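The values are calculated or read from the model by the stated rules, or taken from the named source; none is laboratory data. Please read these numbers as outputs of a predicted model, since none were measured by experiment. Cβ sites come from the backbone with ideal geometry, for glycine too, and all protein chains shown count toward neighbours.
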Amino acid sequence: MKRLQPAVVGGGFELPDHWVWCGAPIRGEDGKYHLFASRIPKTVIFHPHWLFMSEIVRAESATPVGPYQLAEVALPPRGGDFFDGRTTHNPHIRKVGDTYLLLYMGSNYDGPTPTPDKQEVWRSPRYLATWARKRIGLATSKSVKGPWKRLDTPLLEPRPGEWDSIATTNPSLCPLPDGSFLLAYKSRKENLGNLQVGVAHASHYLGPWRRQPTPWLFKGKPAHVEDPFLWHENGRVHALMKDMTGEICGEQFGGIHVTSADGFNWDFDRATLAYSRRLRWSDGRTTRQGFLERPQLLIENGRPTHLFCATAEGPGLDLKDATRTWNAVIPLAPSS
């Protein structure tokens, strides 16, 4: 919280005819700043249609704070029987060597695409089936502008009977100093069960991945969290994530900051509030956002410089009631 500066009014990324969610930033080889985000047409309500009608787009800006302008659809749904045939969501971008790595969630489902006259219902049988089919995908490119070459199979599959037996989603990749990689991801053991996050390790970003046997624990129980973001700084692995209950950071849906020496053992007893839904703005206002989540950092020269979060306005804590969604940018003061 100490490094957070006021969020920039008029910055970030918003579209007039689409809901915007997620938002993963990176500086490209062209010197511009690029943001990979999810968009859903406003002809339907935002939730639950992000699961059925999302696609990943790329926006760009001359400055880190934006405003970002839509450039292209980066990962449209592929159709057919591909795991990402109907939906792409949750983008996360890294560059390793000369290769950009775009991780994301893809899903597929049976039946027609929802329409304004026949919208999907949250927790309907089809919603639950589509949620359970979420899988982490990977696309690579030598340019931040593509073209993107996608894997035809998921990077990580669920494990029947384990804590991560229902879906794999919310990917975050962390290159380590020894050249290996950590991958944080969200899953759950039962449909409608608590959201949980775990981590896997591999010598190459294509895997094979060696997973922790349990999700991240808080006071001996699986932590009810989502939206992890990993990075390595000052000899430790750091993580941001969303606290679903407030039990860890003290605020429901607030952001957690926790660190680890190795990326496997996390000191949740020393976790701190990374950011609050009570947001200060550059025009002097303070608002309490209905949602502030999907935290992603812009990292330059090995240091985080800006926090990007998906945010929503609406009458309560239910995304189906969202009236406006966009990606907000919060500059970070230089670290001491």
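Summary table below
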read-out	value
Residue satisfying all of: in segment 305-319; touching a Ser or Thr at 6+ places or on another chain (Cβ under 6 Å) and not charged (D, E, K, R); surrounded by the most Cβ atoms within 10 Å (Cβ to Cβ) among these	A312
Residue match in segment 100-114 (condition: of a type in the set (A, V, I, L, M), within 30 Å of L176 (Cβ to Cβ), in contact (Cβ under 8 Å) with a residue 60 or more places away in the chain and assigned to a loop (DSSP other than H, G, I, E, B))	no
Single match in H232, H201 (criterion: in contact (Cβ under 8 Å) with a residue 24 or more places away in the chain, more than 30 Å from L317 (Cα to Cα) and touching a Cys at 6+ places or on another chain (Cβ under 7 Å))	H232
Near pairs, Cβ below 9 angstrom, 6+ apart or cross-chain, from segment 34-46 (surrounded by fewer than 19 Cβ atoms within 10 Å (Cβ to Cβ) and among the hydroxyl-bearing types (S, T, Y)) to any residue that is part of a strand (DSSP E or B) and at pLDDT 95 or above	T43/T115
Flag for N191 being in contact with a helix residue (DSSP H, G or I) (Cβ under 8 Å, 6 or more places away or on another chain), of a type outside the set (D, E, K, R) and either at pLDDT below 95 or assigned to a strand (DSSP E or B) (or both)	yes
Residue that is nearest to H47 (Cα to Cα), among those in segment 265-304 that are surrounded by 15 or more Cβ atoms within 10 Å (Cβ to Cβ) and touching a His at 6+ places or on another chain (Cβ under 8 Å)	Q296
Count of residues meeting criterion [under 25 Å from L230 (Cα atoms) and part of a strand (DSSP E or B)] in segment 296-336	23
